[in-house]
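Peer 1: Before I ask anything, let me first share the structure, which is written out below as structure tokens.
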Amino acid sequence: MPTLKFKDFPNIFKSITPLTIVRPKVTKAYFAEATIEEVEIESESGAEDNEKYTVESGDTLGAIATKKGTTVAAIIESDPVITTANQNSLSIGQEITLPSTVPAKEKKKKITFKKTDSGNLGKEIYVVVETELLQGKTMSINIRQGKEKGIEEQDENLMLKDDQDNYNTMVKTTIGGMCETDYLNKDDFADQAIFKISIDSSDEEKKDAWIKSLNDATDKKTLLYILTDAHTLEGQTELNIQYLGDTEEGEIRGEKITNRWLDTDGQWFELSEGDCCTMDITKEQLEKIATNATSANIDKYLDGFNETFELFDINTCLRRVHFLAQVTHESGSFFYNEEQGNESYIAAYNGWHGRGLIQLTTEGNYTAFGIAIGEDVTSTAANRDKLKDSPYATHSAGWYWRDQANLNSLADENDFIMITRKVNGGFNGYNDRLKYLKKGFKELIDKCSKDSEEDYDYEFSESDAYDDKRASFAWGLWHDPDLDKDGCTKSKEKALEGYERLIELTDENYSKTNWYKIKNIDEFSDIKYSVVKNGVTKYYVKVREAAESRIEALNSSNTED
């Protein structure tokens, strides 16, 4: 039989398609900062056409609206019996006609990551590792000392604290694990391993040595890089992974090691000790700000404050001093953690009275706060009472500060006047709040390079309150030398400034009434009028007329500031 040779079958081998081997890859690794924002999306909710709701014990119109996915205004419009005036007079067993199904707004959180090349010792930061074909596998990382000796010898693993407060030199997570979260954009991270870490040590002596090394280092920083490893569970088949790292070759590194990232000149991650805006506030600092607080109460809430700063982005000295000034006043220097009043007053809240250092009220706020922190603070009185204790007493204040009142942005503008208006509703305790703010400036702002140029010489015309009708009227009331609103230094000039600004912001048809209980103030008795409805007489004072009457009275008086 003749021997067959390759030359006899040239076209056969030419027609064979080469086998393409698809290998999983680790394509990128970097340090990042996270931004979390709330996004409103539309969802269908509400009641079916002509649905009736039977009022139960403890129901309020607001609670029913929340329960049924609608609004108080929509219920009043749909029910022929309920009016704005009698909306607080529901009776058990009363049937309410609910509005038809309407589009409702639902808030979802969205997280995004932005690469950063610097961070601080002990503060949380993220490491993002991007991959291909590795979903569900385990990813581990080490953070290593880089080119120059800093807090450890070159190429040594650093101690890390993970998001469970465990300390080790290696942390692990599942690739695509972010898809198990509630973030609106969670599917964007299906091929990514996301690590939340801090470069830290549980050994205080070691940490002190790190800080000394950083202070002694060039530019008070050291250089780090990332080492990654993707794998299956122990005992399973090893993965044939292609790492696309950017290790520096040549004199410094020699042989290229492909699962290193940022390990090259110009790409290092710079670690510094930190600054006042990111470090925990100390007991000594808090004592110098909240000067009337007891040592025991500062100890009680100190850890909660530092957790709150981190959880609710109160992450600059300017934000912190504004937050602490308001909370110190609202809580009576951390003494009060619950609404004060007689039993009938508290009972009127049906269990949802004020708790926490900025007292949270109403079922809707308790529910939203519980969702935000992933804790049951609604189902029983005991669970609601969690807000009286640390850390929830401070967490609830932080939630209100950032998520309800959006006060971080006002703190960034150093707008003390509008912050006070939003926290209090008016300007009760204005001087006391300002006293604590000034102490905060002395203790934190004056020592902070970022915020040191800020001052506390506040002018109403420079505040967002200047374009707010209610704030303008309140500015007039609280500064009015003839009225007994407490908390502000009386000033004819400032009172006129507020009243006149309300007139500028409204026209002669402006019909709002009874702000700040002005119907009970003797100076407005001559413009008070009554309305009889369902046999009940109610009294009203129009806000614009009240401002006009005080402008006339102040301009004609001899009262000086």
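The values are calculated or read from the model by the stated rules, or taken from the named source; none is laboratory data. The shown structure was predicted, so the numbers you read here are calculated from the model rather than taken from an experiment. Don't worry about glycine lacking a Cβ; one is built from the backbone with ideal geometry, like all the others, and counts go over all protein chains shown. Ligands, DNA and RNA are stripped out before the accessible areas are found, and what is left, the full protein with its side chains, is counted by its heavy atoms. Shrake-Rupley method; radii C 1.70, N 1.55, O 1.52, S 1.80 Å.
Peer 1: In square angstrom, what is the accessible area per residue of the chain with a 1.4 angstrom probe?
Peer 2: 53
Peer 1: Separate question: Gap in Å between the Cα centre of the stretch 430-494 and the Cα centre of the stretch 168-216?
Peer 2: 41
Peer 1: If I compute solvent accessible area with a 1.4 Å probe over the protein chains, what percent of it on the chain is carbon and sulfur?
Peer 2: 44
Peer 1: Also, I was wondering about something else. For residue 522 and residue 215, what does the FRET efficiency come to when R0 = 51 Å and r is the distance between their Cβ atoms, rounded to the nearest 0.05?
Peer 2: 0.20
Peer 1: If you don't mind, another one. Report Rg(Cα)/(2.2 N^0.38 Å) for the chain, keeping two decimals.
Peer 2: The reported ratio for this selection is 1.28.
Peer 1: For the pair residue 299 and residue 239, how long in nm is the line joining their label points, each one 7 Å along Cα→Cβ?
Peer 2: For the pair residue 299/residue 239, the computed spacing is 4.9 nm.
Peer 1: Please compute the length gained on full extension between residue 409 and residue 27, using 0.36 nm multiplied by the number of residues separating them and subtracting their Cα-Cα distance.
Peer 2: Between residue 409 and residue 27, full extension yields an extra 133.8 nm.
Peer 1: With everything on Cα atoms, drop me the angle between helix 469-479 and the longest principal axis of the chain, reported from 0 to 90° to the nearest 10.
Peer 2: 60
Peer 1: What's the angle, to the nearest 10 degrees (0 to 90), between helix 363-373's Cα axis and the longest principal axis of the chain?
Peer 2: For 363-373 against the chain, the angle is about 20 degrees.
Peer 1: Here's a follow-up. Bin width 5 Å, alpha-carbon pairs only: give the P(r) of the stretch 395-475 as whole percents, running from 0 to the bin holding the largest distance.
Peer 2: With 5 Å bins starting at 0, P(r) equals 3, 14, 23, 25, 21, 10, 3, 0.
Peer 1: Let me ask another. Between residue 205 and residue 174, what length comes free when the chain is fully extended (0.36 nm per residue of separation minus the Cα-Cα distance, one decimal in nm)?
Peer 2: So the chain would gain 7.9 nm between residue 205 and residue 174.
Peer 1: Here's another thing I want to ask about it. Using the structure shown, list the pairs from 114/172; 67/109; 220/283; 107/161 with a Cα-Cα distance above 23 Å, or answer none.
Peer 2: Beyond 23 Å between Cα atoms: 220/283; 107/161.
Peer 1: Pop a pseudo-label 7 angstrom from the Cα along the beta-carbon direction at both residue 534 and residue 462 and give the gap in nm to one decimal.
Peer 2: Those two pseudo-labels are separated by 5.0 nm.
Peer 1: Exceeding 18 Å between C-alpha atoms, which entries from my cross-link table qualify? They are 422/542; 435/490; 288/447; 115/206.
Peer 2: As for pairs spanning more than 18 Å Cα to Cα, those are 422/542; 115/206.
Peer 1: Using a 1.4 angstrom probe with every protein chain in place, what is the largest-first accessible-area order of 264, 537?
Peer 2: Descending order: 537, 264.
Peer 1: Taking every pair of distinct Cα atoms and averaging 1/r, then inverting, what Kirkwood hydrodynamic radius in Å comes out for the stretch 436-561?
Peer 2: Kirkwood hydrodynamic radius for the stretch 436-561: 16.4 Å.
Peer 1: May I ask for the net charge around residue 366, where only other residues with Cβ less than 14 Å from the Cβ of residue 366 are counted and Lys, Arg are +1 while Asp, Glu are -1?
Peer 2: Summing Lys/Arg as +1 and Asp/Glu as -1 gives -2.
Peer 1: Okay, moving on. Using only the heavy atoms of the protein chains and a 1.4 Å probe, how would 246, 299 rank by accessible area, largest first?
Peer 2: Sorted descending by solvent-accessible area, the residues read 299, 246.
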